[in-house]
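Visitor: My questions will all concern the structure given below.
Taken together, the values in this text are just the output of simple stated rules run on the coordinates, not laboratory data. Quantities reported herein were computed from a predicted structural model and do not represent experimental measurements. Counting neighbours? That spans all protein chains shown, and the Cβs are built from the backbone with ideal geometry, glycine included.
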Amino acid sequence: MSQETTHGLPPKRMLESRAVKASIVLPPDTNNHNTMFGGKVMSYIDDIAAISAMRHCRQRVVTASTDSVDFLHPIKNGDSICLESFVTWTHKTSMEVFVKVTAEDLMTGSREICATAFLTFVALDPDNRPIVVPPVYPESEEEKFLHESAPARAEIRRERRSNSRELAQKFVCKKPWEV
């Protein structure tokens with residue numbers, strides 16, 4: 001990878017934004033199926049993704065979108081949950097972050113990838129205006145796969161956002177007591 005700059009900033013390795021968070025799933029984290037609340041997993045995902053985004057740009061960030069959170073396997077009470085995230089792609093002021101969620105049965109050592117997600121963050125200056133972020137470059141095969149497939153996800157994201165805006169225009173914001 002050449003060390004050319006984009007928008008005046010040198011590129012950074014994906015590894016520099018990598019973040020890992022682990023905890024044990026306890027009864028208050030679970031639903032009536034004795035599995036972890038999906039909303040709690042989503043909160044963990046947003047939290048770790050924000051850390052990766054801030055590590056990459058060294059600026060404050062805001063979540064712009066969550067493309068998807070795909071729950072693949074339940075996470076049970078007593079399991080360890082481990083989240084790993086890193087920036088996979090950048091645009092001028094935005095960053096795509098990949099998050100992988102793994103559960104481990106601490107008694108057997110069995111591990112499964114339980115969820116994956118892509119989120120987009122925008123870096124903000126002190127006046128809460130978008131600010132340019134450094135480009136990112138991949139090194140491992142996993143990173144190259146995610147980096148090369150990112151422009152297609154970005155296009156889907158643009159289309160979805162356009163559709164969301166169109167849908168929002170069809171609804172009028174009313175007070176709950178108005179008909």
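Visitor: Report, in deg cm²/dmol and to the nearest 500, the calculated mean residue ellipticity at 222 nm for the chain, where each DSSP H run with n ≥ 4 adds -39500 (n - 2.57) and the sum is divided by the residue count.
Guide: The helix contribution divided over the chain gives -9500 deg cm²/dmol.
Visitor: Once both labels are modelled 7 Å past Cα along the beta-carbon direction, what's the residue 107-residue 139 spacing in nm?
Guide: Simple spin-label model gives 4.0 nm for this pair.
Visitor: I need the GluC sites (Glu not before Pro) found in region 104-179, filtered to DSSP loop residues with at most 16 other beta carbons within 10 Å of theirs.
Guide: Here the sparse-neighbourhood loop sites are 139, 178.
Visitor: Also, quick follow-up: Dipole size in debye (nearest 20) for the chain around its Cα centre, Lys and Arg Cβ +1, Asp and Glu Cβ -1?
Guide: Once rounded to the nearest 20, the dipole reads 680 debye.
Visitor: Putting +1 on Lys and Arg Cβ atoms and -1 on Asp and Glu Cβ atoms, find which of 168, 135, 147 reaches farthest to the positive end of the dipole of region 135-178.
Guide: Looking along the dipole axis, the top candidate is 168.
Visitor: Still on this structure, I have one more. Quote the FRET efficiency, to the nearest 0.05, computed for residue 33 versus residue 168 with a Förster distance R0 of 22 Å and r equal to the Cβ-Cβ distance.
Guide: So the FRET efficiency works out to roughly 0.05.
Visitor: Right, here's the next one. Report the per residue volume, in Å³, of the convex hull enclosing the C-alpha atoms of the chain.
Guide: 164
Visitor: A further question on this structure: Counting other C-beta atoms within 10 Å, and keeping those with at most 13, which DSSP coil trypsin sites (Lys or Arg not before Pro) do you find in region 1-76?
Guide: 58
Visitor: Test of the criteria: in region 106-171, which trypsin sites (Lys or Arg not before Pro) are in a DSSP loop and have at most 12 other Cβ atoms within 10 angstrom of their Cβ?
Guide: Passing both the DSSP loop test and the Cβ count: 170.
Visitor: Turning to a different aspect of this structure: Taking chymotrypsin sites (Phe, Trp or Tyr not before Pro) as candidate sites, keep only those in a DSSP loop with at most 16 other Cβ atoms within 10 Å, then name the longest stretch of the chain containing none of them.
Guide: Here the longest segment lacking exposed loop sites spans 38-170.
Visitor: Considering Cα pairs under 8 angstrom that are at least six residues apart, work out the relative contact order of the chain and quote it in whole percent.
Guide: 25
Visitor: Turning to a different aspect of this structure: Between residue 23 and residue 62, take the C-beta separation as r, use R0 = 25 Å, and let me know the FRET efficiency to the nearest 0.05.
Guide: 0.50
Visitor: Right, another one. Which FRET efficiency value, to the nearest 0.05, do you get for residue 9 and residue 158 by plugging their Cβ-Cβ distance into 1/(1 + (r/R0)^6) with R0 = 22 Å?
Guide: Taking R0 as 22 Å, the efficiency between residue 9 and residue 158 is 0.45.
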